Every structure is written in structure tokens, then in C-alpha cells.
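Data block below; observations after.
The numbers here are math on the coordinates, done by the rules we state, and not lab data. As the structure is a prediction and not an experimental result, all values here were calculated from the model. So basically every Cβ, Gly included, is an ideal-geometry build from the backbone, and we count neighbours across all protein chains shown.
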Amino acid sequence: MSYDIYFLSRRDGQSWDEVLEAMEDAAEDSEPIPPRLLEAWDRMVPQARVLLGEVDITEYENESRDLSHSGTGIDLSVFGDEVSITVPYWHAGDDAAVVLGKVFALSAIVEKETGLTAYDPQMERPLAEIQTRGATELMSTITEDLRSRYGG
């Protein structure tokens with residue numbers, strides 16, 4: 001389980017639910033990464049390294065790109081025309097605040113470089129409308145619940 005951020009393109013008058021539904025429909029078709037996202041990827045990676053430090057990069061032809069940070073579990077992925085950030089529910093309290101601060105900062109980089117809007121499906125709104133505190137409380141609650149059920 002992970003805290004997810006999706007990067008979406010929304011037309012005027014289109015609801016977020018419609019955008020998410022279109023994203024799910026498009027996920028059924030595997031397409032190469034569009035050139036504009038490959039170019040954005042090349043700009044995002046150095047900025048992500050400055051923000052996160054050492055990261056692992058995995059590239060599979062023109063189909064997928066993945067950047068992962070082992071210390072936090074933050075993962076930035078591009079698959080076809082889908083872009084997302086995930087972070088596992090490992091973090092609670094101050095640790096969650098620090099990690100989500102990095103997720104929000106990385107999201108700003110992705111938005112700037114891709115022109116897409118960061119959307120938080122957990123909070124059901126664009127990331128720009130969310131305060132880090134609310135996301136931190138949600139992550140902490142879910143992490144603690146998972147720890148109480150499964151240990152760790």
C-alpha cells in the first residue's frame with residue numbers, strides 16, 4: 001500500500017472523477033512514453049537528485065522510467081503517458097511530515113516540467129489545495145493502523 005500522487009491533464013469543465021476514469025481506461029493500453037515526457041524526465045532527474053540525494057534509475061526502452069529513493073521509498077514513475085509518485089506507508093509523525101514535504105517538493109518539479117497537475121487521490125483534490133499537515137495526519141494514521149495489524 002502506498003500514498004499516491006497522480007499527474008493529470010484536466011480540460012475546462014471536466015471533473016476530477018472524469019479525469020481519473022479516463023486515466024484508468026488509458027492504462028489498459030500500453031503506449032510508448034511521449035517525447036514531451038521523455039524530455040521532461042531528463043529535466044526532472046537532476047532536480048530530484050538535488051532534492052533526494054542518491055536515487056536509483058530504471059529505464060525500459062521508451063515504455064517506462066522509474067526513479068526510486070531507498071531511504072524514503074519515494075518512487076517517481078513514467079509509464080506511457082502516465083506519471084505518478086508513490087511512497088509506502090512506512091512513515092508516521094515527524095518522519096511522515098519530512099517525507100511528504102519531499103513528495104510535495106518533487107511534485108512541484110514534476111508539475112513544472114510536465115505541465116500536468118498533481119492530484120492526491122487519498123484527499124480527492126489537487127495537491128495545490130492540500131496542506132501538508134492533513135496529508136501527514138492521513139499517512140500517519142494509515143501507517144499506525146498497518147503496524148498495529150501486521151507489526152513493524
Practice task
Report, in debye and to the nearest 20, how large the dipole of the chain comes out about its Cα centre when Lys and Arg carry +1 and Asp and Glu carry -1 on their Cβ.
Solution key: 720
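How big, on average over all directions, is the shadow cast by the Cα convex hull of region 1-69, in nm²? Spell out each step's value before the answer.
Values: hull surface 24.8 nm².
Orientation-averaged projected area of the Cα hull: 6.2 nm².
Given a cut-off of 17 Å, what percent of all Cα-Cα pairs of the chain lie beyond it?
Working: 7122 of 11476 pairs.
Every Cα pair in the chain considered, those over 17 Å come to 62 percent.
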Practice task
Evaluate E = 1/(1 + (r/R0)^6) for residue 57 and residue 95, where r is the Cβ-Cβ distance and R0 equals 22 Å; express this FRET efficiency to the nearest 0.05.
Solution key: 0.35
Practice task
Quick one: net charge around residue 70, please, counting Lys, Arg +1 and Asp, Glu -1 for every other residue with C-beta under 11 Å from its C-beta.
Solution key: -3
Exercise for the section: Determine, from the Cβ-Cβ distance of residue 43 and residue 9 and an R0 of 22 Å, the FRET efficiency 1/(1 + (r/R0)^6), rounded to the nearest 0.05. Expected result: 0.75
Completion exercise
Normalised per residue, the volume inside the convex hull of the alpha-carbon atoms of region 37-96 in Å³ amounts to 84
Problem - Label-point gap, in nm, between residue 22 and residue 64 - each point 7 angstrom along Cα→Cβ - result: 2.5
Fill in the blank from the handout: Long-range amide H partners of residue 74, meaning residues 5 or more apart or on another chain whose placed amide H is closer than 5 Å, are 69
